[in-house]
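Student: For reference, the structure I am asking about is given below.
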Amino acid sequence: MTTTPPAPVLPGGVVAPLRDDLEASGWTVDGVEELLGPVAEAALRRESLVPALRVTEGPAAAGDPAAVLTRLFLLGRPVPRAALDRALPATGASGAEAVGLVRAAGASPDDEVRAAVDLRPHSAAGSATGTGGEVTWWVASDLGEPVTGEALPVEHVLGIGGASASLARLAVREPVGRVLDIGTGSGVQALHASRHARSVTATDTSQRCLDFAAFNAALAGVRLDLRRGSLLEPVAGERYDQVVSNPPFVVTPRAAGVPGWEYRDGGLVGDEVVRRLVTGLGAALAPGGSAQLLGNWEHRTGEGWRDRVTGWLEESGLDGWVVQREVQDPADYAETWIRDGGQRPGPVADALLEAWLDDFAARGVEAVGLGFVVLHAPPAGAADRPRWRRVEEVTGRLDGPLGGHVAAVLAARDRLATAGDDDLLAARLRVADDVTEERHARPGEGGPRAVLLRAGGGLGRTASVGTALAGLVGACDGELAVGQVVAALAVLLEVDAAALRAELLPQVRGLLEDGLLEWPS
């Protein structure tokens, strides 16, 4: 395995020139997409470098700062010192080398400069909660296997990947006081949290990760409280309004010869890292606080996975919602993470696969589920109310942001916990803006055989509703109370009003929980 250079360090006097250079270079997420075009950009997402290398080679590209920086940092190819001087005029190759971003072969203009780290633009969209417009950060991490061509060292610091993007979309972005990021890595989630929190604490077991997070925070102009330690140990006795975490959840055999990559391996057996985090977060959440985290859980012989994770939620003492997004069989799971560590097919990879399969067999693991967990502490004064739990499987693409949907579900659940039937009957509900109705009937039939309500956002839920509920939902425009609508429907359908209320109110609760109906603001 390759060795890694020290993490970059950004002295105060260098921050502004480097940030100014990057902002002026046009080297943004959109700038890279425009530079590479759809074919090369899509290939790069698949970790195929050749199309992007073809775009960024030649004299014309050498004069484009975005092309130079892309070739140097994203593709891991050397560039002439003079080209980097032009791309970063205030910092220069010497300044980039001094802070640890590059290594230069010499001081002449034609000498090669190579990236010491992966550096790439990352954008955060504006928010309706007042956290500002779109912003671009530049995030440093260790060079990956597509660039180095070697398996990753165990101290590897991961940059921006699919998991970090998923958690960024999942996290709630409402303004809060204190946020905790557990397993911060290069600090991406902490940067996002800084836009809606007064203070952000970020922890990791790896000092190297914390060094990268400190560099990235300094470059972004963000203040973070960085602490070293495992899971909740560094913040024992403290309370936070929100916790986010992409923890080191990967199930890794505790066997000789199996590397424990710090960015993904928590050093525990099976899915114990996720279990400990879920069951322990009740001690860290302030009243009304929430947590959003990624994780996986084992499907064991004779134990349903839903029962397994529901047990974690019960132990936590919190409201809990688990969504399984994917299931992998033991071999597929092991091969995925062996390849993720930069190990290509061959005898070493085969030996690692044997170790993984032996480990799974020892615990009767038939599959591994991957997904996300949302936890919620009851508001102040509601500690004695019943807890709600939901454990489900939702597959398919979820490309849009989920944080707003998660916040709405938590708010609706809180309100429903204290709302009686009389409260629902008096409520003037409205249909969520993203909900559409589909009616299915055979040609010539007088009425629909099925009516579907479909959410365009969130988890894309679909509800099949009967005639009465469809009529109620159709009248939910915020003007009429639910009780008024039910009474009118009873007359129209010639049914008993009390029986209709008893039928519809539980279904209304379900539509509120799923976000298809909304409470008045």
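To keep it simple, each residue is scored yes or no on (1) closer than 26 Å to Trp388 by Cα; (2) over 39 Å from the mean Cα position of the chain (by Cα).
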{"residue": "Ala450", "(1), (2)": "no, no"}
{"residue": "Gly471", "(1), (2)": "no, no"}
{"residue": "Val485", "(1), (2)": "no, yes"}
{"residue": "Ala490", "(1), (2)": "no, yes"}
{"residue": "Gly515", "(1), (2)": "yes, no"}
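Student: (1) part of a helix (DSSP H, G or I); (2) of a type outside the set (Lys, Arg); (3) touching a Lys or Arg at 6+ places or on another chain (Cβ under 9 Å); (4) within 23 Å of Leu517 (Cα to Cα): which one isn't true of Trp337, the others all being true?
Tutor: Trp337 satisfies all of (1) part of a helix (DSSP H, G or I); (2) of a type outside the set (Lys, Arg); (3) touching a Lys or Arg at 6+ places or on another chain (Cβ under 9 Å); (4) within 23 Å of Leu517 (Cα to Cα) except (4).
Student: Next question, about the same structure. Scan the stretch 188-210 residue by residue and report those that are under 28 Å from Val154 (Cα atoms) and not in a helix (DSSP H, G or I).
Tutor: Hits for the stretch 188-210 are Val200, Thr201, Ala202, Thr203, Asp204, Thr205, Ser206.
Student: Would you pick out the residues in the stretch 301-325 that are surrounded by fewer than 14 Cβ atoms within 10 Å (Cβ to Cβ) and not in a helix (DSSP H, G or I)?
Tutor: Residues satisfying the conditions are Thr301, Gly302, Glu303, Gly304.
Student: Can you find even one residue in the stretch 56-70 that is surrounded by 18 or more Cβ atoms within 10 Å (Cβ to Cβ), modelled with pLDDT of 95 or more, under 30 Å from Val154 (Cβ atoms) and not β-branched (Val, Ile, Thr)?
Tutor: yes
Student: Go through the stretch 170-204 and give me each residue that's within 22 Å of Thr4 (Cα to Cα) and without any contact (Cβ under 8 Å) to a residue 60 or more places away in the chain.
Tutor: Correct list: Thr184, Ser186, Gly187, Thr203, Asp204.
Student: Another question, if that's okay. Kindly list, by first and then second residue, each pair from a residue in the stretch 275-296 that is in the same structural domain as Leu232 (by TED's automatic domain parsing) and surrounded by fewer than 17 Cβ atoms within 10 Å (Cβ to Cβ) to a residue that is of a type in the set (Gly, Ala, Ser) and not in a strand (DSSP E or B), limited to pairs with Cβ atoms under 6 Å and residues at least 6 apart or on different chains.
Tutor: Gly282/Ser316; Gly282/Gly317; Pro287/Ala377; Pro287/Ala380
Student: Which residue out of His376, His405 is under 28 Å from Asn296 (Cβ atoms) and either acidic (Asp, Glu) or not assigned by TED's automatic domain parsing to the domain that holds Ser316 (or both)?
Tutor: It is His405.
Student: Further question: Determine if the stretch 282-299 includes at least one residue that is within 30 Å of Pro11 (Cα to Cα) and not acidic (Asp, Glu).
Tutor: Checked against the condition, which is being within 30 Å of Pro11 (Cα to Cα) and not acidic (Asp, Glu), the stretch 282-299 yields no hits at all.
Student: Next up: Any idea which residue in the stretch 266-283 is nearest to Asp384 (Cα to Cα), counting only those that are in a loop (DSSP other than H, G, I, E, B) and within 20 Å of the chain's Cα centre (by Cα)?
Tutor: Asp271
Student: Test Glu238 against the stated conditions and say whether it is assigned to a loop (DSSP other than H, G, I, E, B), acidic (Asp, Glu) and modelled with pLDDT under 95.
Tutor: It is false that Glu238 is assigned to a loop (DSSP other than H, G, I, E, B), acidic (Asp, Glu) and modelled with pLDDT under 95.
Student: Can you confirm whether the stretch 341-357 contains a residue that is basic (Lys, Arg), exposed (fewer than 13 other Cβ atoms within 10 Å of the Cβ) and over 22 Å from the mean Cα position of the chain (by Cα)?
Tutor: yes
Student: Are any residues in the stretch 262-319 in contact with a helix residue (DSSP H, G or I) (Cβ under 6 Å, 6 or more places away or on another chain) and not small (Gly, Ala, Ser), and if so, which ones?
Tutor: Within the stretch 262-319, Arg275, Val278, Thr279, Gln292, Leu294, Trp297, His299, Trp312, Glu315, Leu318 meet the criteria.
Student: What is the residue count in the stretch 153-187 for residues that are closer than 23 Å to Gly229 by Cβ and part of a loop (DSSP other than H, G, I, E, B)?
Tutor: The total comes to 13.
Student: Report the residue count in the stretch 326-336 for those that are closer than 23 Å to Arg397 by Cα and surrounded by fewer than 20 Cβ atoms within 10 Å (Cβ to Cβ).
Tutor: So the answer is 7.
The values are calculated or read from the model by the stated rules, or taken from the named source; none is laboratory data. Quantities reported herein were computed from a predicted structural model and do not represent experimental measurements. All Cβ positions, even for glycine, are placed from backbone atoms using ideal geometry, and neighbour counts span all protein chains on display.
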